[in-house]
Structure formats: structure tokens, C-alpha cells
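A.B. asks: Just dropping this structure here.
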Amino acid sequence: MKNLGIDQDTGDIYIGSSDRRPDQPQQVSVFPVKVWGELADAISGPEIDASFISDYVFQELSFDPVSQIRRGYVWRKMDSQPQNWGHPPRQDARLITFQYQGFLGILGGKLPTQVMFTFGSQSNFTIGELVHFEPDAIGQELLTIKMRPQFGFLPRLKKSEIDEDDLRRLETALNNVSMGHRSSPPASVIDRCRDALTVVLSIALNIRDKDLGELIKKYDASFNNNQRTVVTNLAHTVSRLHARAKPAESGYPPVSDRQAELAVGAVAEVLISLRWAEWAPS
């Protein structure tokens, strides 16, 4: 049985069999991970101990910062720790030891429609969604995960174009979008995008205390041809995504990170279309 071992004193990582003494440490990246087969209203990162060890770790084989695609394996911490690697009496190392964990075993034998991962610590983590998995030549399941970007997903506000009081409201709403995008399940991200677009249209129309549906109608009516604009088309899309996440809606699959990304992109494009923001130069 293949094992992954971590030396608590040096941080060295070994991959092999605990029945044999460790070979040379390997240059691999290993991260605490938590797997979510059923999404809670609020998700969190993996629980870690004082040595930054969690019940599951992710061995990263590759990460593409452009596509945000991460590939690798999940390992499960064994019950008794640390473990001796090597046959008695020559046991050459005591390592925090993980056993390869089949992916469906983590999920209780069932593959849900959506699987999310959180990497890092309980309160400081990144989020990814499973997009593919397949067994390799030795039977381990190689996971392909699409990570959410952590920065640069909203444009930079042109603060001189917005009244000071309105700017405070807008910055608060966009900060909620950013925080949600970094740490919340997809339905919550969409909720915060809907809230942000409500603030945006209320500022554009100088109207308070109206919901997004009413603001969309009033914004369209402000144009002579009463035609739906890019701004209200995007706002209407986010409004419908928000409704799809509610229990009363049926016939649709659960909202996923794809819909959450669409909602965040809609907020960004509305700000650009109103000329209230611009993308930072790359």
C-alpha cells in the first residue's frame, strides 16, 4: 500500500511504502484539503493541528495560474501517528503518515453532482470545484480541480465618477462580493452579486428601497425605446440565477461555480458599461 509521510521536524515529504525505510525526500507540494460532497450554507477550510496537519492532504502535481487548473491526489491521515517507516529493529523514521484515499471513498461511495474543495486552514482558504477525475496506471484517481481566482475578478472603480456617499455604499457591496467569492458556496456568491447590482441600479437611478426586479424595469423605462440594455440584461440574468438557488425552483441542477463566476462577471461588466470602473492594466 502506497503511503505519503511528512517529517514534522524538517517538513520533508516521502512517498512510498511505510514497510520500507524512506528514500530521499521528494520535491512535491502538499496542502491541507477538505472535500465537500454536500455543500453547507457556509463552507470552511480544513481543520489542522499545531503541525499544520489535516485529516486529508492534497498532493499537487501541477497548477496552471492562467486556467486556474490544479491536478493531483488526495491522501487520508492514518489513525495512529506518527508511524515508524521501515522494518524493526531498523525503523529509520517516524513520520506523519497518510494512505492513498480513493476519491469515491471520501464521498461515501456516491458521486454527487457537485464536489468542492477547500485548501489551506479553517478560516483562510481557497476554493476549487472538481471538473474531472480518472484512474492512472497504478489505480490512483487523478483529480482535476478548477480553482476560483482570488484577485483581479472585479474592475477598479473610477472613484471620481461616483458621489462620495454612493461610493461608500458601492464599495461595501463590492467588498461583500469579493469576500463571498473567496470563501462562500456558489449560491451565496450569487446572492451577494444580486445585492451589489441592486445597489448599482439604485445609485444609477437615484432610487432607494426598491428590489432588483423593480429597478430593472425603471432603468429600461428611462430609455426612449424602452429596450432592455446590456446593464439590465446582465442584472436580469443574476436575478434569475438567484431564484434558481431557492428551494421553490425545480427542474434545474444545483447552481455551481460556473453560475457564480457568471454572476461575478455580470457585476464587473455592469460597472464597466456604466463607465464607473475600468480593468487594471495587465
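A.B. asks: Among the residues of segment 1-42, count how many are touching a Lys or Arg at 6+ places or on another chain (Cβ under 8 Å) and closer than 14 Å to G120 by Cβ. I'd like the intermediate steps shown before the answer.
C.D. replies: Our first condition is that a residue be touching a Lys or Arg at 6+ places or on another chain (Cβ under 8 Å); within segment 1-42, this holds for 15-17, 21, 37.
Going one step further and asking which of them are closer than 14 Å to G120 by Cβ, we end up with none.
The total comes to 0.
A.B. asks: To continue, here is another question. So T232 passes all but one of these: (1) within 28 Å of T113 (Cβ to Cβ); (2) at pLDDT 90 or above. Which condition number does it fail?
C.D. replies: (1)
Residues are listed down the side, and each one gets a yes or a no for (1) in a strand (DSSP E or B); (2) open to solvent by less than 50 Å² (accessible area, probe 1.4 Å):
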| position | (1), (2) |
| --- | --- |
| V66 | no, no |
| R76 | yes, no |
| S80 | no, no |
| N84 | yes, no |
| F98 | yes, yes |
| P112 | no, yes |
| F119 | yes, yes |
| Q122 | no, no |
| H132 | yes, no |
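A.B. asks: Out of all the residues in segment 147-188, which are modelled with pLDDT of 90 or more, open to solvent by 60 Å² or more (accessible area, probe 1.4 Å) and either touching a strand residue (DSSP E or B) at 6+ places or on another chain (Cβ under 8 Å) or part of a strand (DSSP E or B) (or both)?
C.D. replies: Listed by number, the residues that qualify are R156, K158, E171.
A.B. asks: Consider only pairs whose beta carbons are under 8 Å apart and that are at least six residues apart or on different chains; among these, list those whose first residue lies in segment 166-195 and is within 16 Å of Q150 (Cα to Cα) and whose second residue is aromatic (F, W, Y).
C.D. replies: Filtered contacts from segment 166-195: S178/F153; H181/F153; S183/F125.
A.B. asks: Out of the residues in segment 211-223 meeting the condition of being touching a residue at least 12 places away in the same chain (Cβ under 8 Å) and part of a loop (DSSP other than H, G, I, E, B), tell me which one is nearest to L174 (Cα to Cα).
C.D. replies: D211
A.B. asks: Return only the number of the condition from (1) touching a residue at least 24 places away in the same chain (Cβ under 8 Å); (2) among the small types (G, A, S); (3) over 22 Å from P135 (Cβ atoms); (4) buried (at least 16 other Cβ atoms within 10 Å of the Cβ) that G72 does not satisfy.
C.D. replies: (3)
A.B. asks: Let me ask something additional. Restricting to segment 205-218, name every residue that is open to solvent by less than 70 Å² (accessible area, probe 1.4 Å) and either in contact with a Phe, Trp or Tyr (Cβ under 8 Å, 6 or more places away or on another chain) or modelled with pLDDT under 90 (or both). Don't jump to the end; show me each part of the working.
C.D. replies: Here is the first cut: in segment 205-218, the residues open to solvent by less than 70 Å² (accessible area, probe 1.4 Å) are 205, 207, 212-213, 215-216.
Across segment 205-218, the qualifying residue is only L205.
A.B. asks: Which pairs have Cβ atoms under 7 Å, sit 6 or more apart or on different chains, and link a residue in segment 26-50 that is under 20 Å from N3 (Cβ atoms) to one that is open to solvent by 50 Å² or more (accessible area, probe 1.4 Å)?
C.D. replies: P32/I48; P32/F52; V33/Y56; V35/Y56; P46/K34; P46/Y56; P46/Q122
A.B. asks: So, V33, is that one under 28 Å from the mean Cα position of the chain (by Cα) and open to solvent by less than 80 Å² (accessible area, probe 1.4 Å) or not?
C.D. replies: Here the answer is yes, as V33 does meet what is asked.
A.B. asks: Look through segment 1-30, keep the residues that are small (G, A, S) and within 18 Å of Q81 (Cβ to Cβ), and return whichever of them is least open to solvent (accessible area, probe 1.4 Å).
C.D. replies: Here is the first cut: in segment 1-30, the ones small (G, A, S) are 5, 11, 16-18, 29.
Now drop any that are not within 18 Å of Q81 (Cβ to Cβ), which leaves 5, 11, 16-18.
Numbers: G5: 0, G11: 45, G16: 21, S17: 18, S18: 22 Å².
Taking the candidates together, the pick is G5.
A.B. asks: A further question follows. What are the pairs, 6+ residues apart or on separate chains, where a residue within segment 141-161 that is under 30 Å from K2 (Cα atoms) has its Cβ under 7 Å from a residue that is hydroxyl-bearing (S, T, Y) and buried (at least 16 other Cβ atoms within 10 Å of the Cβ)?
C.D. replies: Here the result reads L142/Y73; L143/Y73; M147/T126, each pair linking segment 141-161 to a residue that is hydroxyl-bearing (S, T, Y) and buried (at least 16 other Cβ atoms within 10 Å of the Cβ).
A.B. asks: So how many residues does segment 101-110 have that are open to solvent by less than 30 Å² (accessible area, probe 1.4 Å) and free of Cβ contacts under 8 Å to residues at least 40 places away in the same chain?
C.D. replies: 1
A.B. asks: Would you pick out the residues in segment 45-64 that are within 19 Å of the chain's Cα centre (by Cα), open to solvent by 60 Å² or more (accessible area, probe 1.4 Å) and among the charged types (D, E, K, R)?
C.D. replies: Passing the criteria: E47, D64.
The values are calculated or read from the model by the stated rules, or taken from the named source; none is laboratory data. A quick note: this is a predicted structure, and the numbers were derived from the prediction, not measured. Don't worry about glycine lacking a Cβ; one is built from the backbone with ideal geometry, like all the others, and counts go over all protein chains shown. Ligands, DNA and RNA are stripped out before the accessible areas are found, and what is left, the full protein with its side chains, is counted by its heavy atoms. Shrake-Rupley method; radii C 1.70, N 1.55, O 1.52, S 1.80 Å.
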